[in-house]
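Asks: For reference, the structure I am asking about is given below.
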Amino acid sequence: MSENIYDVIIIGGGPAGLSAGLYAGRGLLKTLIIERLQYGGQAAMTNEIDNYPGAAAEETGPSLIEKMLEQAKRFGVEFVSDDIISAELEGDIKTLSSKRNTYKAKTIIIASGAFPRTLGCKGEQELTGKGVSYCATCDAAFFEELEIYIVGGGDSAVQEALFIARFARKITFIQNLPELTAAKSIQQKVLSDPKYSFVYNSVVEELRGDEGLLDTIIVKNTQTGDITQFDADPEDGTFGLFVFIGLIPRTEIFEGKIKMENGYIPTDENMRTNIQGVYAVGDCRVKPLRQVVTAAADGAIAAMHIERYLEDKSC
């Protein structure tokens with residue numbers, strides 16, 4: 001029996017991977033998408049998607065990803081849930097391995113995305129899931145009518161705060177800079193609302209919890225060195241801390257096998273890496289803007305180039 005060799009294997013089922021799958025499938029390429037956790041990546045954990053062209057007013061991350069998933073399936077894309085732990089990228093046939101399976105393909109698209117950066121402070125690990133969260137869509141409803149602290153001040157922090165505000169009684173931003181850095185249009189939504197307050201030039205030093213729930217946040221002012229302690233309202237007994245301070249690329253299995261820059265994979269305008277037949281798309285590659293719309297564009301470009309690349313090799 002001949003080996004099952006795909007035209008393209010896509011590692012990751014976020015917007016970049018799903019877009020690549022859609023275009024590869026439409027091009028009649030034998031295509032497999034391998035996803036280790038949940039389809040959609042960071043987008044699946046974002047409630048409001050109002051900056052994706054054509055998205056309906058009520059569009060959410062999960063609803064948009066579900067549409068992308070079904071669209072790719074319509075064009076014959078295969079899907080498997082697995083965790084790739086090693087990759088051999090040189091040569092005409094690439095090999096990906098998990099603990100239980102081996103996959104082979106003529107080309108590879110790395111769409112492995114990125115994961116949330118943690119604070120690295122004392123108590124964070126112990127209180128994750130017990131008041132500390134990195135996903136508003138997943139956990140905001142657990143803090144209905146409670147106080148919420150948000151670490152970060154960029155686009156994702158402010159956008160997620162707007163969703164959390166549906167549940168929280170009060171929201172306080174802890175930002176290590178003297179101001180928010182989110183787009184001005186969404187900054188105004190929180191700066192003009194008395195429900196939000198701001199602690200600038202500050203970082204979280206320690207998190208504490210009694211009876212397994214977060215109830216104390218220790219904050220240090222980076223300019224003065226002053227320490228401030230925030231305690232949960234005695235009637236509440238706890239509060240929430242949501243962390244939105246950036247992402248770390250999920251590219252560790254490619255270290256030493258492909259060119260990288262601070263963990264991100266550089267590509268040319270066609271999403272080609274320095275290894276022939278290997279492409280990188282979405283949040284894991286070097287790029288100036290990480291949004292659903294740019295991830296989808298990356299995937300489309302990579303798949304279209306692969307179609308031409310394979311045609312040229314077969315001539």
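The values are calculated or read from the model by the stated rules, or taken from the named source; none is laboratory data. Keep in mind that what you see is a predicted model, and the values were worked out from it rather than measured. Backbone-built Cβ (ideal geometry, glycine too); neighbour counts: all protein chains shown. These accessible areas exclude ligands, DNA and RNA; they are computed on the full protein's heavy atoms, side chains included. Shrake-Rupley method; radii C 1.70, N 1.55, O 1.52, S 1.80 Å.
Asks: Ranked highest first by the average count of other Cβ atoms within 10 Å around their residues, in what order do 148-158, 120-130 fall? Could the numbers behind the result be given before it?
Replies: Numbers: 148-158: 22.9, 120-130: 15.0.
Taking the mean over residues of other Cβ atoms within 10 Å, the ranking is 148-158, 120-130.
Asks: For the chain, how big is the tail of P(r) above 37 Å, as a whole percent of Cα pairs? Display every interim value, and only then the final one.
Replies: Values: 12218 of 49455 pairs.
In whole percent, the long-distance tail amounts to 25.
Asks: Also: May I ask you to give the average projected area over all directions of the convex hull of the Cα atoms of segment 154-283, in nm² rounded to one decimal? Write out the running numbers ahead of the final one.
Replies: On the way: hull surface 47.2 nm².
Over all viewing directions, segment 154-283 projects a mean Cα-hull area of 11.8 nm².
Asks: Right, another one. What number comes out for accessible area per residue over the chain if the probe is 1.4 Å? Units Å², please. All intermediate terms of the calculation are to be shown ahead of the outcome.
Replies: Details: 15310 Å² over 315 residues.
Value for the chain: 49 Å² per residue.
Asks: Run through all the Cα pairs of segment 220-315 and give the fraction in each 5 Å bin from 0, expressed as whole percent.
Replies: Computed distribution, short to long bins: 2, 10, 16, 14, 12, 8, 7, 8, 7, 6, 4, 2, 1, 1, 0.
Asks: Taking the Cα centroid of segment 265-308 and of segment 234-261, what is the distance between the two, rounded to the nearest whole Å?
Replies: Going from one Cα centre to the other spans 22 Å.
Asks: Would you calculate, for the chain, the mean residue ellipticity at 222 nm contributed by helices, counting each DSSP H stretch of 4 or more residues as -39,500 (n - 2.57) and dividing by all residues, to the nearest 500? It would help to have the intermediate numbers written out before the result.
Replies: Values: 7 runs with 75 residues, N = 315.
Dividing the helical sum by the residues of the chain leaves -7000 deg cm²/dmol.
Asks: While we're looking at this one, here's another question. With 5 Å bins from zero, work out the P(r) of segment 1-59 over every alpha carbon pair and list the percent per bin.
Replies: Cα pair-distance distribution for segment 1-59, in percent: 4, 17, 20, 19, 16, 13, 6, 2, 2, 1, 0.
Asks: What number in nm² do you get for segment 33-165 if you take the convex hull of its Cα atoms and divide its surface by four?
Replies: Details: hull surface 45.2 nm².
Seen from a random direction, the Cα hull of segment 33-165 projects 11.3 nm² on average.
Asks: Enumerate the lysines that residue 73 could reach by cross-link, defined here as Cα to Cα under 30 Å, with residues fewer than 8 away along the same chain left out.
Replies: 30, 94, 99, 104, 106, 287, 313
Asks: Quick one: among 25, 113, 17, which has the greatest mean-square fluctuation in a GNM of the chain with alpha-carbon springs under 10 angstrom?
Replies: Ranking 25, 113, 17 by mean-square fluctuation puts 25 first.
Asks: Quick one: putting +1 on the C-beta of Lys and Arg, -1 on the C-beta of Asp and Glu, what dipole do you get for the chain around its Cα centre, in Debye to the nearest 20?
Replies: Values: 31 positive and 45 negative charges, 235 e Å.
Dipole about the Cα centre, nearest 20: 1120 debye.
Asks: Grab the Cα-Cα distance for residue 51 and residue 236, subtract it from 0.36 nm times how many residues apart they are, and report the gain in nm with one decimal.
Replies: Numbers: separation 185, 0.36 × 185 = 66.60 nm, distance 3.57 nm.
Residue separation times 0.36 nm, minus the Cα-Cα distance, leaves 63.0 nm.
Asks: Would you rank 253, 93 by solvent-accessible area, highest first, keeping every protein chain in place and using a 1.4 Å probe?
Replies: Values: 253 40, 93 70 Å².
Solvent-accessible surface, decreasing: 93, 253.
Asks: Rounded to whole Å and ordered largest first, report the semi-axes of the equivalent ellipsoid of segment 82-137 derived from its Cα gyration tensor (root of 5λ). Kindly include the intermediate steps, with their values, before the conclusion.
Replies: Details: eigenvalues 257, 29, 22 Å².
So the equivalent ellipsoid measures 36, 12, 10 Å along its semi-axes.
Asks: So the label point goes 7 Å from the Cα of residue 115 along Cα→C-beta, right? Which residues of segment 250-265 then have their backbone N under 11 Å from it?
Replies: Of the residues in segment 250-265, 250-252 have backbone N under 11 Å from the label point off residue 115.
Asks: May I pose another question? Leaving out ligands, DNA and RNA, and with a 1.4 Å probe, what % of the accessible surface on segment 5-105 is carbon or sulfur? Please list the in-between numbers first.
Replies: Details: 2340 of 4700 Å².
Reported share for carbon and sulfur atoms: 50 percent.
Asks: Which number do you get for Rg(Cα) / (2.2 N^0.38 Å) in segment 85-219? Don't jump to the answer; show the numbers that get you there.
Replies: Numbers: Rg = 19.9 Å, N = 135, 2.2 N^0.38 = 14.2 Å.
With N residues counted in segment 85-219, Rg over 2.2 N^0.38 Å equals 1.40.
Asks: Tell me the angle of helix 15-26 to the major Cα principal axis of the chain, expressed in degrees between 0 and 90 and rounded to the nearest ten.
Replies: So the inclination is approximately 20 degrees.
Asks: Could the peptides 37-46, 180-189 be put in order, highest first, of the mean number of other beta-carbon atoms found within 10 Å of their residues?
Replies: Working: 37-46: 21.2, 180-189: 14.6.
Ranked by mean Cβ neighbours within 10 Å, highest first: 37-46, 180-189.
Asks: Taking R0 as 41 Å, what FRET efficiency do you get between residue 4 and residue 183 from their Cβ-Cβ distance, rounded to the nearest 0.05? Let's see the in-between values first.
Replies: Details: r = 46 Å, r/R0 = 1.12.
Computed FRET efficiency for residue 4 and residue 183: 0.35.
Asks: Count the DSSP beta bridges whose two residues both fall in the chain, then state the antiparallel fraction as a percent rounded to the nearest 5. Display every interim value, and only then the final one.
Replies: Values: 25 of 60 bridges.
Counting DSSP beta bridges with both partners in the chain, the antiparallel share is about 40 percent.
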